[in-house]
1. Scan the stretch 103-136 for residues that are under 36 Å from the mean Cα position of the chain (by Cα) and surrounded by fewer than 11 Cβ atoms within 10 Å (Cβ to Cβ) and jot them down.
2. State all residues of the stretch 134-164 that are over 10 Å from residue 121 (Cβ atoms) and in a loop (DSSP other than H, G, I, E, B); if no residue qualifies, say none.
């Protein structure tokens, strides 16, 4: 009980300190309240006879910083989410079946223009086959399969670079 009375002696100073952080009276009151709750919860960590005001200030500062960081992280998630939604809206609004069929046509042309040695492993991989399954079916080493798929991707990227 004596600890709570000692804390109340610093209420005015804590309110001013909180307002210097928040610049808002309601947020400052919330910060003071959070500081008191933490001080009471961790009262066993306070060493009697030391500077109580400094200890409370430290709790308040750390509480404010942690809340601020949490708010910033939350805003980044929300902003990223909003950006993704608008990106999807723009893409869905600008695309139609004709555009999609033209893109598919270009991809098929690019695949047909690949040398068969690259096209076959690439298509099998694209269909969901594992490297070792493709190697067994084509009777070639797994390293060769990986190289051919890599080269096929590289050739397709260069051919279809207009869609990047």
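1. Once the filter is applied, which keeps residues that are under 36 Å from the mean Cα position of the chain (by Cα) and surrounded by fewer than 11 Cβ atoms within 10 Å (Cβ to Cβ), the stretch 103-136 yields 104, 105, 108, 127, 128, 132.
2. 139, 141, 160, 164
Rundown of residues vs (1) surrounded by 14 or more Cβ atoms within 10 Å (Cβ to Cβ); (2) modelled with pLDDT under 70; (3) within 32 Å of the chain's Cα centre (by Cα), yes/no style:
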residue	(1), (2), (3)
39	yes, no, no
42	no, no, no
63	yes, no, yes
90	no, yes, yes
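The values are calculated or read from the model by the stated rules, or taken from the named source; none is laboratory data. Just so we're clear, the structure is a prediction, and the values are computed from it rather than from any experiment. Methodologically, a virtual Cβ is constructed for each residue, glycine included, from the backbone with ideal geometry; neighbour enumeration extends over all protein chains shown.
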